[in-house]
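Here the structure comes first, spelled out in structure tokens, and everything after it is commentary.
What follows draws every value from the coordinates through simple rules; no lab data is involved. Here the structure is a predicted model, which means the values were calculated and not measured. Note that each Cβ is placed from the backbone with ideal geometry, even for glycine, and that neighbours are counted across all protein chains shown.
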Amino acid sequence: MNRGIQEYKSTVSRSEVDANPYRIVQLLMEGVLSRVLEAKHAIENNQIEKKCELIQATLKIVNALRMSLDMEQGAELSKSLDNLYEYMSIQLTRANMENDTAYLDNVFKSMSEIKSGWDSIEDDALKFLRDQSISESKEENS
């Protein structure tokens, strides 16, 4: 697992760390959304240091999501997500430099839409993970 995901895992509870890969991505997306809201609040209250820390943490999570994309499997979707994550990184950087919450609103909207799509495939994703686990177990026992 890449370093960005490992860094994020250090901030969540043990039960969440042991979650399946689907849930880990869900947690990363939730992390982006919550930190963006906190950063917006920090800008509105002129808490510059806190804003910087939150935006840096958010950038790390977005980068972890970006690095976890499988560019070979589902290449078209992965490329679209990669472009969206790059856009979010640029928006976060601008928000940090310009203290402008509009950029954070853009990130929040984009991530909310991605997360909504991700949440809607939960049953299929969990079935896929179960089937994959069963298949790997059979291969190990052969």
Problem - Sorted by Cβ density within 10 Å, fewest first, the residues GLU53, GLU139 - result: GLU139, GLU53
Handout entry: Relative exposure of ASP124, ASP100, judged by other C-beta atoms within 10 Å (fewest first)
Key = ASP124, ASP100
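Based on a Kirkwood Rh over C-alpha pairs, give the Stokes-Einstein translational diffusion coefficient of region 62-115 at 37 °C and viscosity 0.692 mPa s in µm²/s.
D = 284 µm²/s.
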Exercise for the section: State the extension gain, in nm to one decimal, for the chain segment bounded by ILE90 and GLU53, taking 0.36 nm per residue of separation less the distance between their alpha-carbons. Expected result: 11.7 nm
Practice task
Give the order of ILE121, ILE61, ILE43 when sorted by the count of other beta carbons within 10 angstrom, beginning with the fewest.
Solution key: ILE121, ILE43, ILE61
